[in-house]
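Asker: This is the structure, below, for whatever I ask next.
The values are calculated or read from the model by the stated rules, or taken from the named source; none is laboratory data. What you see is a predicted model, and the numbers here were worked out from it, not measured in a lab. For neighbour counting, all protein chains shown are included, and Cβ atoms are generated from backbone atoms with ideal geometry for every residue, glycine included. Only protein heavy atoms, including side chains, enter the accessible area calculation; ligands, DNA and RNA are left aside. Shrake-Rupley method; radii C 1.70, N 1.55, O 1.52, S 1.80 Å.
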Amino acid sequence: MKNESHLDDQKPLRKLKTALWVLSTLLVLALIAAGSFWAKSNKYENETSKLVTDLSELDSTKVQLEGTLASLEDSYGDKITENEQLSTTLTERVAEVEDLKQRIQKVRSQLAKSQEVNEQINGRLAQFEQLRDSLENDILTLLGQNEDLQATNNEIATELTLSKEQIHGLTDDVQKLDQKNRAIVGRLFQLAPAGFVANNFKVTAMRKNDKVTAKAGRANEIKVAFDLKDVPQEYQIDEELYLVITKFDGNPVGDIQTKNVKVKSATPIDIAAADVEQLRLNALQSVVMSFTPGRKFESGLYNALVYADHGFLGATSFELR
């Protein structure tokens, strides 16, 4: 019974110990929790203080960033405007570069052509050098010939002086012959006047190809053209005209085929006609007569005289070389 009573007494004590152990444990746990809470609280306070500081710094940074943003926005607008200007300038520069490329290509092409021309010029210069050497040799030869020509020229000058004297003599002879010729023509008009005259004479020497020539040896036909004006009414009938060719001194030309004719003038005249033309005369007409010179027809002065059936019409002179 004592043991049971003792055990019964021990139960409250055990409960108290248990309670004390629990309380101690709880106290320890509370202390640990309080320490932990205090530590966390300090940490949170520090973090909060740091956050506040950071927030202040962030606010300050925000203000700075807002200012920077506004500045950047202004700068961005300026850059956009500048970029647009640069784009326009860039387009112009690109166009200028393309133009420069084309000009460079053109200059290169011209340079290539210039080089080709330069090569041609160099070739020409080489030829000119050869020609110059040849010309220098020719000049030396010509200088030697010139001395000979000067000597010959002196001889020719002497001969020209003599020829001039001869020409003066021939001129005097021609003047005398011309006077004699005029006297003969005047005499013919006195002896056998036809009552009208031929004038406006034109003498033309023709070659075989109908080209005009002034050389006796090349003449195939010699034409004598003239006009008959103011033909009286009584002579406006069918009539024969005669062309007579003589040397300038009045002597006959042997190398021409002629026909002997007697002119029925007041004083009849025998002539050797180189051409005979029959036509009906009018008050005014142009007439062309001709003759064929022989192979031995020589150069010189000649007379062409025209007669009608009843008298002398007129005359002219011509020269063939």
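Asker: Give me a count of the residues in segment 264-289 that are surrounded by 15 or more Cβ atoms within 10 Å (Cβ to Cβ) and modelled with pLDDT of 90 or more.
Answerer: Taking segment 264-289 first, the residues surrounded by 15 or more Cβ atoms within 10 Å (Cβ to Cβ) are 265, 269, 271-275, 277, 281, 287, 289.
Among the residues that remain, those that are also modelled with pLDDT of 90 or more are: 271-275, 277, 281, 287, 289.
Final tally of qualifying residues: 9.
Asker: If I go through segment 244-263 residue by residue, how many of them are surrounded by 19 or more Cβ atoms within 10 Å (Cβ to Cβ) and assigned to a strand (DSSP E or B)?
Answerer: Count: 4.
Asker: On to the next question. Within the set of pairs 6+ apart or on separate chains, which have a first residue in segment 254-271 that is over 16 Å from Leu305 (Cα atoms), a second that is among the aromatic types (Phe, Trp, Tyr) and in a loop (DSSP other than H, G, I, E, B), and C-beta atoms under 6 Å apart?
Answerer: Correct list of pairs: Asp255/Phe297.
Asker: If I ask for residues that are open to solvent by less than 80 Å² (accessible area, probe 1.4 Å) and among the polar types (S, T, N, Q), which ones from segment 52-87 would you list?
Answerer: Thr53, Ser56, Ser60, Thr61, Thr68, Ser71, Ser75, Thr81, Ser87 - these are the residues of segment 52-87 that are open to solvent by less than 80 Å² (accessible area, probe 1.4 Å) and among the polar types (S, T, N, Q).
Asker: Being at pLDDT 70 or above and over 30 Å from the mean Cα position of the chain (by Cα) is the requirement here; does Glu165 meet it?
Answerer: It is false that Glu165 is at pLDDT 70 or above and over 30 Å from the mean Cα position of the chain (by Cα).
Asker: Checking the structure you have, find out if any residue of segment 301-320 is exposed (fewer than 13 other Cβ atoms within 10 Å of the Cβ) and out of contact with any strand residue (DSSP E or B) (no Cβ under 6 Å at 6 or more places or on another chain).
Answerer: No: zero hits.
Asker: On to the next question. List the number of the failed condition for Phe297; all other conditions in (1) surrounded by 15 or more Cβ atoms within 10 Å (Cβ to Cβ); (2) not in a loop (DSSP other than H, G, I, E, B) hold.
Answerer: Phe297 satisfies every listed condition except (2).
Asker: Under 7 Å between Cβ atoms, at least 6 apart or on separate chains: pull out the pairs that start in segment 273-298 with a residue that is touching a residue at least 40 places away in the same chain (Cβ under 8 Å) and end on any residue that is in a strand (DSSP E or B) and of a type in the set (Lys, Arg).
Answerer: From segment 273-298, the pairs are Val288/Lys223; Ser290/Lys223.
Asker: Just a yes or no: is a residue in segment 195-204 open to solvent by 80 Å² or more (accessible area, probe 1.4 Å), in a strand (DSSP E or B) and at pLDDT 85 or above?
Answerer: Yes, that holds for at least one residue.
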